[in-house]
1. Pairs under 9 Å by beta carbon, first residue at positive phi and without any contact (Cβ under 8 Å) to a residue 60 or more places away in the chain in the range 24-49, partner in a loop (DSSP other than H, G, I, E, B) and of a type in the set (Lys, Arg), six or more apart or different chains?
2. How do the pairs read when you match residues in the range 64-78 that are in a loop (DSSP other than H, G, I, E, B) with residues anywhere that are among the aliphatic types (A, V, I, L, M) and open to solvent by 20 Å² or more (accessible area, probe 1.4 Å), using Cβ under 6 Å and keeping only pairs 6 or more apart or on different chains?
3. Between 116, 146, 142, which is among the aliphatic types (A, V, I, L, M), surrounded by 13 or more Cβ atoms within 10 Å (Cβ to Cβ) and at pLDDT 85 or above?
4. Residues in the range 95-104: is at least one part of a loop (DSSP other than H, G, I, E, B) and at pLDDT 95 or above?
5. Which members of the range 26-63 meet the condition of being open to solvent by 50 Å² or more (accessible area, probe 1.4 Å) and in a strand (DSSP E or B)?
6. I need every pair where a residue in the range 98-109 that is within 11 Å of residue 88 (Cα to Cα) has its Cβ under 8 Å from the Cβ of a residue that is part of a strand (DSSP E or B) and of a type in the set (D, E, K, R), sequence separation at least 6 or different chains.
7. Going by the conditions given, is residue 91 surrounded by 13 or more Cβ atoms within 10 Å (Cβ to Cβ) and either in a loop (DSSP other than H, G, I, E, B) or touching a strand residue (DSSP E or B) at 6+ places or on another chain (Cβ under 7 Å) (or both)?
8. Determine, yes or no, whether residue 163 is at pLDDT 75 or above, farther than 14 Å from residue 145 by Cβ and not basic (Lys, Arg).
Amino acid sequence: NERGPRTIRLLTLNLRQGGRSRIEGVVRTVLGHRPDIAVLTEYRATPGPALGAQLAAGGLVHQASSEPERPKNGVFVAARLPFRVFPDARHPSPSPRHWLQVRFAHFDLGAIYNGLWGEGNAAFAQWLEGVMLRNRRRSFILAGDLNWLEVGDGGNESPGWVEWLRDLGYSDAWRRLNPSGREYSWTNHNGTRTRVDY
């Protein structure tokens, strides 16, 4: 209808170094969740085209990537719904492969892979703050991999991305739907389980 669909099924998944030889399993996992939109992080130029072709065959025909150079990680969006890439020419990302902003009919999506550390991370954080402030008055979704945990969840002792986004007025969608739930999306090499990639 003119107001758009009532619900959108959104999936985010970290491919781990592009997915490598696991592409068929990744595609089965993604399509098995029947998403309208999939945001895939650690996307790589190789084997990216094979991944895109298989997702398109499963109905996620509208696609774009942050076009990371080989063998770097980036971000990829595949959707059943049409969209267009929506770069902000006045405020370009200091690290373009870590960010892809797209515009759907009724909302914008910022797909992020935050694989930056040190000074690069500080510059990217400052830039992202501007993006999030400029988009607060429209329907805007930030999805992907922030590489940060909540304070108290996984041992963080100081506020970071999650708390900062809440302070800007954004909602942690999973926490909003599961106010007291505890689930895990990552198991560290030492067996510690955490919920990351909000």
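1. As it stands, the answer is 34/9, since those pairs meet every condition given.
2. 70/45
3. Exactly one residue qualifies, and that residue is 142.
4. Checked the range 95-104: at least one residue is part of a loop (DSSP other than H, G, I, E, B) and at pLDDT 95 or above.
5. Matches in the range 26-63: 62, 63.
6. Short answer, once both residue conditions are applied: 101/108; 102/84; 102/108.
7. Here the answer is no, as residue 91 does not meet what is asked.
8. yes
The values are calculated or read from the model by the stated rules, or taken from the named source; none is laboratory data. Remember, it's a predicted structure, so these values are computed and weren't measured experimentally. Here Cβ is always computed from backbone atoms with ideal geometry, including for glycine, and neighbour counts include all displayed protein chains. The protein model used for the area step is the full one, side chains on, heavy atoms only, and it has no ligands, DNA or RNA in it. Shrake-Rupley method; radii C 1.70, N 1.55, O 1.52, S 1.80 Å.
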